[in-house]
1. Give me the 1.4 Å probe accessible area per residue for the stretch 238-320, excluding ligands and nucleic acids, in Å².
2. Please tell me the relative contact order of the stretch 176-320 in percent, rounded to the nearest whole number, where contacts are Cα pairs under 8 Å and at least six residues apart.
3. Got a sec? What order do GLU173, GLU106 fall in by accessible area at 1.4 Å, biggest, i.e. largest, first?
4. Quick check: the distance between the Cα centres of the stretch 156-230 and the stretch 115-145, to the nearest angstrom?
5. Would you mind checking the pairs LYS218/LYS268; LYS268/LYS296; LYS29/LYS202 and listing those with alpha carbons more than 27 angstrom apart?
6. Any chance you could give the angle, 0 to 90 degrees and rounded to 10, that helix 261-274 forms with the longest Cα principal axis of the chain?
7. Helix-only estimate, please: 222 nm mean residue ellipticity of the chain, summing -39500 (n - 2.57) across DSSP H runs of length 4 or more and dividing by its residues, to the nearest 500.
8. For TYR114, what residues show an amide H to amide H distance below 5 Å, using hydrogens built from the backbone and excluding near sequence neighbours?
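The values are calculated or read from the model by the stated rules, or taken from the named source; none is laboratory data. It should be emphasised that the depicted structure is a prediction, and the values quoted were computed from it without experimental measurement. With ideal geometry, Cβ positions are generated from the backbone for all residues, glycine too; neighbour counts draw on all protein chains shown. When the accessible area is computed, the model is the full protein with side chains, heavy atoms only, and any ligands, DNA or RNA have been set aside. Shrake-Rupley method; radii C 1.70, N 1.55, O 1.52, S 1.80 Å.
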Amino acid sequence: MDLDYRNIKIDKTKIDYLFNEGKAKIYIKRDDLIGFSFGGNKVRIAAEIFEEIRRKGYTAVISYGSYASNLNRVIAQMACYYGIKCYIVCKQEKDFRTTANMKLAEYSGAEYIYCDVLGVRESIEKAIRISESRGERPYYVYGNSLGEGNEEVLLRAYKKAYNEIKNYSDKNEIHFDSIYLASGTGMTQAGLIAGRYENKGKEEIRGISVARKAVEAKKAIVRNLVNGKIFEASDIEMLNPLEMIKVNDLYLDGGYGFYGEGIADTVKMMVSRFGIALDPVYSGKAFYGMLSEIRKNDLEGSFLFIHTGGMPGFFDFMLK
């Protein structure tokens with residue numbers, strides 16, 4: 001399979017100063033402006049996945065996520081772009097609903113396989129069997145059916161993005177006290193931590209959890225770092241990951257896909273005041289959490305927010 005990967009370029013995205021919130025200077029890194037499939041962190045991650053697909057000669061791809069998954073949408077659109085088959089295993093949770101991300105994936109020809117929360121592994125294995133029965137060689141984005149084995153590939157995207165942040169900091173002589181972002185699977189946060197570790201950076205990398213309690217989110221990040229060959233398990237034990245890894249679960253607002261008035265008001269404020277669209281499931285929840293922490297604790301210094309995309313979710317929000 002000869003895929004032309006020169007056609008999709010993951011541009012280095014800009015960092016802009018936004019505004020002061022009390023004693024805090026807030027900056028934003030616009031990964032939502034990456035020029036493919038509405039941008040976002042999942043485009044960076046998908047680019048690494050498809051490079052691995054090209055390098056190892058796979059002929060189909062299998063993704064997994066919820067009804068609001070940005071990764072599913074990007075994988076489907078990139079698979080369509082390169083002309084290979086895409087299968088999506090999707091959880092049908094209690095608040096399941098059709099979203100713009102699902103529609104976009106369907107437009108790209110993705111084949112959905114639905115499952116309940118307890119049937120994820122079996123459904124992934126089913127997708128692999130279906131693909132192989134059609135003569136394809138499928139690549140599952142998370143590795144094996146337990147979701148392990150591909151961390152090293154997935155971490156590369158935000159190790160590289162950390163280098164962009166470091167270069168900006170060095171060039172402009174700005175030290176970021178903290179880097180904030182939405183934390184879901186933890187892969188983006190783990191990649192930033194890996195980049196910081198390799199560059200001996202000092203910033204706090206603070207995830208605002210969008211889906212689960214902090215302890216579980218931290219454990220997932222630790223697994224990503226160990227399986228991604230950034231740290232040995234013994235190193236992690238010495239570093240005390242529950243202290244080293246920063247995840248805040250105070251802004252879950254009912255869990256994944258749910259949000260309250262504060263988050264909704266933040267989304268409206270950002271698009272009306274700055275022309276920046278945040279979605280309430282990921283980036284809007286994280287931005288609201290960051291502002292709340294700054295205000296509540298009267299924080300001072302320079303803070304960088306990474307806009308990890310989710311643009312289709314913004315339009316779901318606007319049309320509700």
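1. On the way: 3610 Å² over 83 residues.
Here the per-residue accessible area is 44 Å².
2. RCO, the stretch 176-320: 31 percent.
3. Largest accessible area first, the residues go GLU173, GLU106.
4. 29 Å
5. Over 27 Å apart, Cα to Cα: LYS218/LYS268.
6. That works out to roughly 80 degrees.
7. -14500 deg cm²/dmol
8. CYS90
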